[in-house]
1. Per-residue ellipticity at 222 nm for the chain, helices alone: DSSP H runs ≥ 4 residues times -39500 (n - 2.57), over residue total, nearest 500 deg cm²/dmol?
2. Can you run the Rg to Rh ratio on the chain? Use alpha carbon positions and the Kirkwood inverse-distance Rh.
3. Can you give the charge dipole size of the chain about its Cα centre, rounded to the nearest 20 debye, using +1 on the beta carbon of Lys and Arg and -1 on the beta carbon of Asp and Glu?
4. Counting only other residues whose beta carbon sits under 11 Å from that of Ser11, what net charge do I get with K and R as +1, D and E as -1?
5. Want the number for Arg73 to Glu28: 0.36 nm per residue separation, take away the alpha-carbon distance, what's left?
6. Grab the other residues whose beta carbon is less than 11 angstrom from that of Ser80, score K and R as +1, D and E as -1, and report the net.
7. Residues of region 70-84 with backbone nitrogen within less than 17 Å of a virtual label 7 Å along the Cα-to-Cβ line of His39, please, listed as ranges.
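Every read-out reported here was derived from the displayed coordinates using simple, explicitly stated rules and does not represent laboratory data. Since we're looking at a predicted model, the values are computed, not measured. Glycine also receives a Cβ, built like all others from the backbone with ideal geometry; neighbour counts cover every protein chain displayed.
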Amino acid sequence: MLSAAPRSVSSVARELGLTRGEVESDFEHLIRSVRAAGHRVIVQPAQCRTCGFAFDERKLAKPSKCPACRGSRILEAQISILKS
Ligand SMILES: [Zn+2]
């Protein structure tokens, strides 16, 4: 279901027929499971488009505001799964 191409949380949620909230709350578990299966998971953290501030990669929910510049143009976190 997940390819190596970077995917947004919203995109993964749509594909699985889940709400964003369901995917966000289950994603840490999903990432742990994928890593336990020997695959690599790369999370590109959400980032502010205005000043480049990078959010914590464990926070998959899209931040509403940048704490550095208070801008609201936030690039959503992207998830890649590399099958080994
Ligand atoms: Zn910013």
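1. One gets -9500 deg cm²/dmol as the mean residue ellipticity at 222 nm.
2. Dividing the radius of gyration by the Kirkwood radius yields 0.99.
3. Roughly 240 debye, rounded to the nearest 20.
4. Here the charged neighbours net out to +1.
5. Working it through step by step, the gained length comes to 13.7 nm.
6. With Lys, Arg at +1 and Asp, Glu at -1, the net is +3.
7. 78-84
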